[in-house]
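Okay, structure first, notes after.
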Amino acid sequence: MLTVGLTGGIGAGKSEVSRLFVRHGAVLIDADRIAREVVAPGTPGLAAVVDAFGAGVLAADGSLDRPRLGSIVFADPEKLAVLNSIVHPLVGARSRELEGAAAEDAVVVHDVPLLTENGLAPLYDVVVVVDASPETQLDRLVRLRGMTEEDARARMAAQATREQRREIADIVIDNDVPLDALEKRVAEVWDDLARRARHRGADAEGAE
């Protein structure tokens, strides 16, 4: 098994790259999706969040009111730390469970938006960074996601810098390119990752 940490700045196109990896045969573990699952209605995670922040963070249907919770935690670093202390261990446990269910020769891609910011690079065999210029990021956020330019710039500024992400990268995928060029580059990277996974499998068999 080869574990891959996939990351990139907001608007860099990481989701498109993860989709292409899955098409090639990767096992995808999406940290954002798991973070939503572990605080779904009826879960211990949601109960812990309500204990910490009060019933005011619940929507009328009993689900987590994310905008409401966000307005609380992103204005207070201590409260954000409390939320992270609840959610991150649950996400980690579920991620390990999913990874453990993968085949021995699998390429397991962990889609982790804040991999750089949280110092998680050492957890993976290979770190792949999807890179795009700030101009490209801004254009995508405004044009495709409907953000205001002010909001988009604020979201970008809250993340690691482009240089910080590239520093931890084993492989960089340039996404300042048309989709067909991106597909070609992802295919090249996939071949490299699959070869590494096969070598790891062979090494493990030889050690037995």
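The values are calculated or read from the model by the stated rules, or taken from the named source; none is laboratory data. Everything numeric in this text was worked out from a predicted model, so none of it was measured. Quick reminder, even Gly has a Cβ in these numbers, built from the backbone with ideal geometry, and neighbours come from all protein chains shown. To get the accessible areas, we keep the full protein, side chains included, count just its heavy atoms, and leave off ligands, DNA and RNA. Shrake-Rupley method; radii C 1.70, N 1.55, O 1.52, S 1.80 Å.
Is it the case that Ala48 is farther than 25 Å from Arg155 by Cβ, assigned to a helix (DSSP H, G or I) and in contact (Cβ under 8 Å) with a residue 24 or more places away in the chain?
Yes.
Hey, Leu28 hits all of (1) open to solvent by 30 Å² or more (accessible area, probe 1.4 Å); (2) assigned to a helix (DSSP H, G or I); (3) touching a residue at least 12 places away in the same chain (Cβ under 8 Å); (4) touching a strand residue (DSSP E or B) at 6+ places or on another chain (Cβ under 8 Å) but one; which does it fall short on?
It is condition (2) that Leu28 fails.
Residue under question is Ile34, and the condition is that it be more than 28 Å from Pro178 (Cβ to Cβ) and open to solvent by less than 70 Å² (accessible area, probe 1.4 Å); does it hold?
yes
Given the conditions (1) closer than 20 Å to Val112 by Cα; (2) modelled with pLDDT under 95; (3) not hydrophobic (A, V, I, L, M, F, W, C), report the number of the one that Pro178 does not fulfil.
Going through the list (1) closer than 20 Å to Val112 by Cα; (2) modelled with pLDDT under 95; (3) not hydrophobic (A, V, I, L, M, F, W, C), Pro178 breaks only (1).
Of all residues being among the hydroxyl-bearing types (Ser, Thr, Tyr) and surrounded by 19 or more Cβ atoms within 10 Å (Cβ to Cβ) in segment 1-25, which is farthest from Leu64 (Cα to Cα)? Just the residue, please.
Filtering segment 1-25 for residues that are among the hydroxyl-bearing types (Ser, Thr, Tyr) and surrounded by 19 or more Cβ atoms within 10 Å (Cβ to Cβ), the one farthest from Leu64 (Cα to Cα) comes out as Thr3.
Which residues, counting only those in segment 84-140, are in a loop (DSSP other than H, G, I, E, B), open to solvent by 50 Å² or more (accessible area, probe 1.4 Å) and in contact (Cβ under 8 Å) with a residue 40 or more places away in the chain?
Within segment 84-140, Ala103, Glu104, Asp105, Leu114, Glu117, Asp125 qualify.
In this structure, is Leu193 within 25 Å of Ala93 (Cα to Cα), touching a residue at least 40 places away in the same chain (Cβ under 8 Å) and open to solvent by less than 50 Å² (accessible area, probe 1.4 Å)?
Against the criterion (within 25 Å of Ala93 (Cα to Cα), touching a residue at least 40 places away in the same chain (Cβ under 8 Å) and open to solvent by less than 50 Å² (accessible area, probe 1.4 Å)), Leu193 qualifies.
Arg162 passes all but one of (1) under 24 Å from Ala26 (Cα atoms); (2) in contact with a strand residue (DSSP E or B) (Cβ under 9 Å, 6 or more places away or on another chain); which number fails?
Against the list (1) under 24 Å from Ala26 (Cα atoms); (2) in contact with a strand residue (DSSP E or B) (Cβ under 9 Å, 6 or more places away or on another chain), Arg162 comes up short only on (1).
Closer than 25 Å to Val109 by Cβ, in a loop (DSSP other than H, G, I, E, B) and out of contact with any Leu (no Cβ under 6 Å at 6 or more places or on another chain), is that true of Ala60?
Considered against the rule, which asks whether it is closer than 25 Å to Val109 by Cβ, in a loop (DSSP other than H, G, I, E, B) and out of contact with any Leu (no Cβ under 6 Å at 6 or more places or on another chain), Ala60 comes out as no.
So which residues in segment 156-182 are assigned to a helix (DSSP H, G or I) and either within 17 Å of Gly11 (Cα to Cα) or open to solvent by less than 60 Å² (accessible area, probe 1.4 Å) (or both), if there are any at all?
Scanning segment 156-182 gives Met156, Ala157, Arg162, Glu163, Gln164, Arg165, Arg166, Leu179, Ala181, Leu182.
Per-residue answers, yes or no, for (1) farther than 23 Å from His110 by Cβ; (2) modelled with pLDDT under 95; (3) buried (at least 16 other Cβ atoms within 10 Å of the Cβ):
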| site | (1), (2), (3) |
| --- | --- |
| Val38 | no, no, yes |
| Pro41 | yes, no, no |
| Ala47 | yes, no, no |
| Phe53 | yes, no, yes |
| Ser71 | yes, yes, no |
